[in-house]
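What follows is one structure encoded as structure tokens, with my remarks underneath.
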Amino acid sequence: MYEKLSHDYDRFVNWRVRLAAELPFLERQLKSVRAKRIVDAACGTGRHAIALAQRGYDVVGADPSAGMIRRARHNAQAEGAAVRFEVAGFGELHQKLGGGFDALLCLGNSLPHANTPDALAAALADFAACLRADGLLLVQNRNFDRVLQHRERWMEPQSHRDNDNEWLFLRFYDFKADGALCFNLITLHRRGDEPWQQRVLSAPLWPWRQQELLQALPQAGFHSVTCYGDNQGVPFDTRASPNLIITARRS
């Protein structure tokens, strides 16, 4: 899915708006541990990593999609940002990037791609191995407690226009009998008055609830776990929060 999405991902996300909303919260958390060296896991096209590098952090971005990493390197060169990007997924980060980092970020609802208990445990152990003692882990997921309770299938549509080219992005979940989700992304594209062209991409996810993550994190060697409901630092509410943002420290 993400290999094919890499060419459209920066159209799908309004990065100016997103970074303005998220960076103040991220920097407050990074400053709380005096972070300098950071891993951006599942970095996609590298926009968070680039923005943090421009603010003086030493950032390494990693993603399992080679297409995303090619786009991230292109974006960094265009922005004049010195960021190292590597193809590496959950479970491979420490092997490819090394350890001793002050902070590791896993943003954009990426952790649910670790879609079995063993995959989650391996991902969290890999995160811990990358971090120095008392280093910061910050994970941002959707609030799947709310999604599952209300069967929230559809997400807000996104659009992008570039001269006479127009894109529409529609996202929705299929709820599986075993509790898993299938994440679907429909991309509609047209040029001028030409007919719409459509593409459907899908990926399996596991909707990790708050309590499941609160149990898994200490088992992977994390402590001081705090849950927020958004990028303003509001406390997490299973019924109302749009996101589940978790911070934790490596033991």
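The values are calculated or read from the model by the stated rules, or taken from the named source; none is laboratory data. Here the structure is a predicted model, which is why all the values come from computation and not from measurement. With ideal geometry, Cβ positions are generated from the backbone for all residues, glycine too; neighbour counts draw on all protein chains shown.
Miscellaneous remarks
- Residue count, region 200-240 (criterion: at pLDDT 95 or above and either under 17 Å from the mean Cα position of the chain (by Cα) or part of a strand (DSSP E or B) (or both)): 22
- Region 153-167, residues that are of a type in the set (S, T, N, Q) and touching a Phe, Trp or Tyr at 6+ places or on another chain (Cβ under 7 Å): 158, 159
- Subset of region 205-234 [in contact (Cβ under 8 Å) with a residue 12 or more places away in the chain and polar (S, T, N, Q)]: 210, 219, 224, 226, 231, 232
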